[in-house]
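I have placed the structure first, in the form of structure tokens, so that the comments after it can refer back to it.
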Amino acid sequence: MRLPDYLGKKNVAFISGFLVSIFTALTGICNSFWQLVLCRIGTAASGAVAVPATMPLLSEYFPPYRRGFAMAIYSIGIYVSTGLNTGLLGSFIDVETTNYKQVFLMISIPQAVLSFCILLTLRDKNKNEKKVVNVLKVLKYMKTKRSFWCLLIAGSMSMIAVSTWGSWYIV
């Protein structure tokens, strides 16, 4: 049984978001390299748990002809939030007196607030409905769609660009 089926998609999305904020805050108070590594792994693992819960939630809230747009907005959220965090926090903090630990603590507060917004505003519409999907049929169907290949290539290239830029920016 999948976790979203057992706890509910909304609850898994909330728990995931809240754990991301907890691990982000813990990153701000860690004192060694290995603590930092474990906190960042916790952040990544907690964020990864959200995807199996949020995609079905999006399909419940949006009709089939709007789901692609909704999922696209959800998918660019990581980049928009990174840009907003950089821009907003960069304008409010003094770079010379603020260290990275304080920044992680500041970022964790809006993350926790947003996770509670998920808990308070969303609801599972089809809580007990279970669908069986044949993965091979889905892959066969996707293989015939030109838009799938365009999005796959564009997404791959953007991830390469972001990863390269991020590596260069850190150094």
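Some observations on this one:
- Criterion applied to T27, T54, T82 was being in contact with a Lys or Arg (Cβ under 8 Å, 6 or more places away or on another chain), under 30 Å from N99 (Cβ atoms) and assigned to a helix (DSSP H, G or I), and the one residue passing it is T27.
- Residue match in the range 122-133 (condition: assigned by TED's automatic domain parsing to the domain that holds K9, at pLDDT 80 or above and in a helix (DSSP H, G or I)): no
- Residue tally, condition touching a residue at least 60 places away in the same chain (Cβ under 8 Å) and surrounded by fewer than 16 Cβ atoms within 10 Å (Cβ to Cβ), over the range 25-38: 1
- Residue match in the range 104-121 (condition: assigned to a helix (DSSP H, G or I), modelled with pLDDT under 85, hydrophobic (A, V, I, L, M, F, W, C) and farther than 30 Å from I22 by Cβ): no
- You will find that of I41, I22, the residue that is surrounded by fewer than 13 Cβ atoms within 10 Å (Cβ to Cβ) and not in a loop (DSSP other than H, G, I, E, B) is I41 and no other.
- Single unsatisfied condition, T98 versus (1) at pLDDT below 85; (2) assigned to a helix (DSSP H, G or I): (2)
The values are calculated or read from the model by the stated rules, or taken from the named source; none is laboratory data. These numbers come from a predicted model, not from an experiment. Positions of Cβ are generated from backbone atoms using ideal geometry, with glycine treated the same way; all protein chains shown enter the neighbour counts.
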